[in-house]
1. Are there any pairs with C-beta distances below 9 angstrom linking a residue in segment 12-36 that is farther than 13 Å from Ile60 by Cα to a residue that is polar (S, T, N, Q) and buried (at least 17 other Cβ atoms within 10 Å of the Cβ), with the two at least 6 apart or on different chains, and if so which?
2. Could you grab the pairs with beta carbons closer than 7 Å, sequence gap of 6+ or different chains, first residue in segment 55-78 and modelled with pLDDT of 90 or more, second one of a type in the set (Asp, Glu)?
3. I'd like the full set of residues that are assigned to a helix (DSSP H, G or I) and modelled with pLDDT under 95, limited to segment 35-48.
4. Going through segment 15-41 one residue at a time, which ones are of a type in the set (Gly, Ala, Ser) and loosely packed, with under 10 Cβ neighbours inside 10 Å?
5. Report whether or not Glu50 is charged (D, E, K, R) and touching a helix residue (DSSP H, G or I) at 6+ places or on another chain (Cβ under 8 Å).
Amino acid sequence: MILSQTDELVEAISELRMLFPDWRMGQLIANLVTAAGGMDAGAIWDMEDEKLLAAARRLIERNRGRTDNGNSSCRSDG
């Protein structure tokens with residue numbers, strides 16, 4: 001089965017939920033839009049799935065080994 005880009009994005013969001021269980025869904029989406037280069041809340045309307053997927057993959061890679069010690073911030077530095 002070949003996954004569509006949208007399916008991959010949904011899977012990435014699911015993985016981000018596991019990495020950041022204390023984030024509400026709105027927070028997760030807002031953080032993802034910001035990581036994809038969105039400058040404000042309205043950026044979600046113009047954001048392409050490919051940019052969201054790339055940002056989700058970066059967040060996953062940078063935070064995959066994180067342990068939850070009460071700190072819900074994500075590592076987004078380059």
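The values are calculated or read from the model by the stated rules, or taken from the named source; none is laboratory data. Given the structure is predicted, the values throughout are model-derived calculations rather than measurements. Here the Cβ positions follow ideal geometry from the backbone for every residue, glycine too, while neighbour counts run over all protein chains shown.
1. Trp23/Asn31
2. Ile60/Glu15
3. Ala41, Gly42, Ala43, Ile44, Trp45, Asp46
4. Matches in segment 15-41: Gly26 only.
5. yes
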